[in-house]
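A.B. asks: Can you read through this structure? Questions will come right after.
Since every read-out is calculated from the coordinates, none of them should be taken as a lab result. This one's a predicted model, so the numbers in the text were calculated from it and none came from an experiment. We place every Cβ from the backbone using ideal geometry, glycine too, and count neighbours over all the protein chains shown.
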Amino acid sequence: MKNSTALDHRHTLEKIPLFSCLLADKRAKLQQIISEKHYKKNSIILMEDDSKNYMYVIFSGKIKVVRVNPDGKEQILVIRKRGDFFGEMTLLDGKAQPATIVAMEDATVGLISKSDFEQFFMKDENVLKQIIALLCERLRESWMLLRVLSLSDAETRVRAVLAHISSVYGVKDLRGIIIPFKLTHKEIADHAALTRETVSRLLSRLSQSGEIEIIDNKNIVLKSNFEKPY
């Protein structure tokens, strides 16, 4: 990694349990060999069924994991931001990528090759425990998605999406729980499998009722009286 960004990227890696549990010398060596790649907003990082032999760490920007339905409509499965990673599943089981990865904004991603993944992660007992915890987390995300899609009421779906994203990324302050990145109405709609118009109408209703607040025309704040769907 270049000297100008190495320190910032090191701090990002140190906040990720999968990396922070490595011994200091291994962590330092891994930081040196991670390659970088930059992606423009809306560019595809990985296509569904790709079998790229890399794990990806997000150093900046935001990405979405999507599936495209037979009718061509995009379904957001999950959103990832700085400090998150993806692609580890293909390295663990050798199977193709099950979804498409798209940059939601300009993003910088670190790439770890399959051989480096096996050398640094698969031979360390502490890391293996973190991988087990990671797989459990990914499974819970899948359960959450199934739960959202099983809800028949549109408002309940929107509430579920906001509640889930805030539980993962939310930052608490005196105003409530802030989702610390911009979510467009379309992105929420793609997450909840609804139309953008429906989501816009429901967000307006939640805002008028005082359950959410939009600050700086960007971040959604879930207020203390926000009713979670379950």
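A.B. asks: What do the square roots of 5 times the Cα gyration tensor eigenvalues come to for the range 129-230, in whole Å, largest first, as semi-axes of the equivalent ellipsoid?
C.D. replies: Values: eigenvalues 106, 61, 28 Å².
Semi-axes, largest first: 23, 17, 12 Å.
A.B. asks: In what sequence, highest mean first, do 55-66, 193-204, 138-149 appear when ranked by Cβ atoms within 10 angstrom? Before the final figure, lay out each step's value.
C.D. replies: On the way: 55-66: 21.1, 193-204: 16.5, 138-149: 13.7.
Top to bottom by mean Cβ count within 10 Å: 55-66, 193-204, 138-149.
A.B. asks: Right, something else. Nearest 10 degrees is fine. How inclined is helix 196-208 to the longest principal axis of the chain, computing both from alpha carbons?
C.D. replies: 70 degrees
A.B. asks: On a 0 to 90 degree scale, rounded to 10, what angle separates helix 125-150 from the longest Cα axis of the chain?
C.D. replies: For helix 125-150, the angle is close to 20 degrees.
A.B. asks: Next question. Using per-residue counts of other Cβ atoms within 10 Å, averaged over each peptide, order 214-222, 97-105 from highest down. Don't jump to the answer; show the numbers that get you there.
C.D. replies: Numbers: 214-222: 14.8, 97-105: 18.9.
Ranked by mean Cβ neighbours within 10 Å, highest first: 97-105, 214-222.
A.B. asks: Separate question: For the range 96-102, just list the computed ³J(HN,Hα) in residue order, Karplus coefficients 6.51, -1.76 and 1.60, θ = phi - 60°, integers in Hz, with x standing in for Gly and Pro.
C.D. replies: Each residue of the range 96-102 in turn: 5, 4, x, 8, 9, 10, 10 Hz.
A.B. asks: Which residues' amide hydrogens lie under 5 Å from the amide hydrogen of Glu105, considering only partners 5 or more residues apart or on another chain, with H built in the peptide plane?
C.D. replies: Those lying under 5 Å, H to H, from Glu105 are Asn42, Lys62.
A.B. asks: Taking only the alpha carbons of the chain, what extent do you get along each of the three principal axes, in Å, biggest first?
C.D. replies: Ordered largest first, the chain gives principal extents of 54, 43, 33 Å.
A.B. asks: For the chain, what is the charge dipole size about the Cα centre, in debye to the nearest 20, if Lys and Arg each add +1 at the Cβ and Asp and Glu each add -1 at the Cβ? Intermediate values should be presented prior to the final figure.
C.D. replies: On the way: 36 positive and 30 negative charges, 66 e Å.
Using Cβ point charges on Lys, Arg, Asp and Glu, the chain gives about 320 debye.
A.B. asks: Which residue, Gln75, Gln119, Gln31, has the most motion in a Gaussian network model of the chain that connects Cα atoms within less than 10 Å?
C.D. replies: Fluctuation is largest for Gln119.
A.B. asks: Normalising by the residue count of the chain, find the relative contact order in percent from Cα pairs under 8 Å and 6+ residues apart. Mind showing how you got there, number by number?
C.D. replies: Values: 360 pairs, mean separation 41.3, N = 230.
Relative contact order here is 18 percent.
A.B. asks: As a footprinting exposure proxy, order Glu125, Glu48, Glu137 by other Cβ within 10 Å, with the fewest listed first. Show your work: numbers first, answer last.
C.D. replies: Numbers: Glu125 7, Glu48 15, Glu137 10.
Ordered by Cβ neighbours within 10 Å, fewest first: Glu125, Glu137, Glu48.
A.B. asks: Using a simple spin-label model with points 7 Å from Cα along the Cα→Cβ vector, what separation in nm is obtained for His38 and Lys172?
C.D. replies: Those two pseudo-labels are separated by 3.9 nm.
A.B. asks: Need one number: nm distance between label points at Glu125 and Ser20, each 7 Å from Cα along Cα→Cβ, rounded to one decimal.
C.D. replies: Distance between label points: 2.2 nm.
A.B. asks: With r as the distance between the Cβ atoms of Glu137 and Gln208 and R0 = 35 Å, compute the FRET efficiency 1/(1 + (r/R0)^6) and round to 0.05. The partial results should precede the final answer.
C.D. replies: Details: r = 35 Å, r/R0 = 1.00.
Between Gln208 and Glu137 the formula returns 0.50.
A.B. asks: Have a look at Ser207, Ser150, Ser113 and tell me which one the Gaussian network model of the chain (Cα, springs below 10 Å) gives the largest fluctuation.
C.D. replies: Ser150
A.B. asks: Roughly what angle does helix 24-33 make with the longest principal axis of the chain, taking Cα atoms, 0 to 90 degrees, to the nearest 10?
C.D. replies: That works out to roughly 80 degrees.
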